[in-house]
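Colleague: Pasting a structure here, questions to come.
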Amino acid sequence: MSMRQRPEILIVEFFSRGGLFHYALQLGLALGRQGRRVTMLTGRKPELMPPPSAADFVLMPRLWTWDPRRQQRPGAFRRGLHALRYTAAWIQILWFVRRLRPRAVLLGDLEHRCDAWFCRLLRGSGGTLADVCHNVVAFDRRSRGKMLRRERWRDRLLANFDCVFVHGTALADELARRNGCRPLTIPHGAGDFCAAGACADPNLRTRLQLPETAPVALLFGTLTKYKGVRWLLTALAAVAAHKRPFLVIAGFPAADASLAAWRAEARQLGLERWVRWHTEYIPWKEVAWYFRLAAFVVLPYYHASQSGVAHLALSFARPIVASNVGALPETVAHGVNGLIVPVGDVAALAQAIEELAGAPERCQAMGQQSAQRARELHDWDAVARRVCEGLAAPPGRRARLPSPGLAPFGLLRAIFAGRRASR
């Protein structure tokens, strides 16, 4: 597709690596296969590029964002610089929307209070404004590691959109209860992109010094407080040593991660022999190494809307042990492709880990069920069709919200508000 040709759908993803980037790229490619002209606007130096065969998909790595996984706790100066660059990226988005005049703008997860102001400016573009809300329950990560729910401002942000997509009926019900709108439910989409594009396995088991035949449980993804690392360590210690699997904790630590405290707790619980830590960002080509190593995947989240890691596990035919939060029980059918445990229940989590670690045949059978669910329930073409239906007939544009009022944003609105061209 020529960059000069007007796209039907403009997908915006601020950062050009990580799970949200992978999701946006796979969704854009699937929309292209549905015959839609799609442009994806993202950060510079993307982690991967679309295949040459994607004729109706254009990747534009133009946004002035940064690599969020370079530094776990950036200092005050760097945080200020990031704020300026984030604002600059929003100005770029407004400019590209005015230049390209897409029929629909599709945003992903938004985590900052200023996003609501800029989304109000986007409403002047005249096209459909939509959002894939990955995290209906959002958190504010503070320097002390506290996580505070920020539902009120998130609901004000979502009020700017013509349609909001969520991954699961439980999340749709939660959002409808909070702000009265009815979001559109779409499947998450499987993680087959990482599975299909993975390079050769470099014998990771040997590199992590794991016994050749020992079962391995995997906790994967960005390491943050709500993912229940402490709960998992306590449960692992409660499993008898002769039934205990090895635990691999792999992923980049977020700002609220307490790596030193978690390692100290593992030592105190006598788990040094049983736990392997890989606390760095894992490139997409190496994701397969860890899932192929694991007998099962653990998601002991305290809070969550859903999990991209769960859908990776489905694609790699791995059973899942997950807590009963958000839409995870819709992804993991208890006793079919995994086990669901109550939040914070150490005994239940320990029992689930012990059950799967000691039953390789059951793990294999559950893994096949995971792969089947990935094919039948989380196919990307089905996701794209549902998104196209939502964009073509959104629930209806909400009443115009008041002007942001602050002079800088009023000026931006005057400069970048798009013409109301007929669609």
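Colleague: In what sequence do K45, K285, K225 fall when counting other Cβ within 10 Å, fewest first?
Modeller: Least crowded to most crowded, the residues run K45, K285, K225.
Colleague: Related question: Mind checking which of A365, W289, G308 is farthest towards the positive end of region 237-391's charge dipole, using Cβ charges of +1 (Lys, Arg) and -1 (Asp, Glu) about the Cα centre?
Modeller: Of the candidates, W289 comes out farthest on the positive side.
Colleague: Based on the mean of other beta carbon atoms within 10 Å per residue, what is the order of 216-222, 373-379, most packed first? Don't jump to the answer; show the numbers that get you there.
Modeller: Working: 216-222: 22.6, 373-379: 17.3.
The packing order, highest mean first, is 216-222, 373-379.
Colleague: Between beta-carbons, use under 12 Å as the cut-off and find the net charge around V275, counting Lys and Arg +1, Asp and Glu -1.
Modeller: +3
Colleague: Local charge sum around A250 (other residues, Cβ-Cβ under 11 Å, Lys/Arg +1, Asp/Glu -1)?
Modeller: Result for the local shell: -1.
Colleague: To continue, here is another question. With a cut-off of 8 Å between alpha carbons and a minimum separation of six or more residues, what is the relative contact order of the chain in percent?
Modeller: Once divided by the residue count of the chain, the mean separation gives 18 percent.
Colleague: What full-extension length gain, to one decimal in nm, is calculated for I91 and K243 as 0.36 nm per residue of separation minus the Cα-Cα distance?
Modeller: Additional length available on full extension: 49.2 nm.
Colleague: Provide the net charge surrounding A217, with neighbours chosen by a C-beta distance below 13 Å and charges set as Lys +1, Arg +1, Asp -1, Glu -1.
Modeller: +2
Colleague: Further, regarding this structure: Please list the three semi-axes, largest first and in whole Å, of the ellipsoid equivalent to region 193-377, using sqrt of 5 times the eigenvalues of its alpha carbon gyration tensor.
Modeller: 21, 19, 17
Colleague: Now, a different point. For R230 and E389, compute 0.36 nm times the residue count separating them, minus their Cα-Cα distance, and round to one decimal in nm.
Modeller: 53.0 nm
No lab work stands behind these numbers, since they all come straight from the coordinates. If you're wondering where the values come from, they're calculated on a predicted model, not measured in any experiment. Cβ atoms come from the backbone with ideal geometry, glycine included; neighbour counts cover every protein chain shown.
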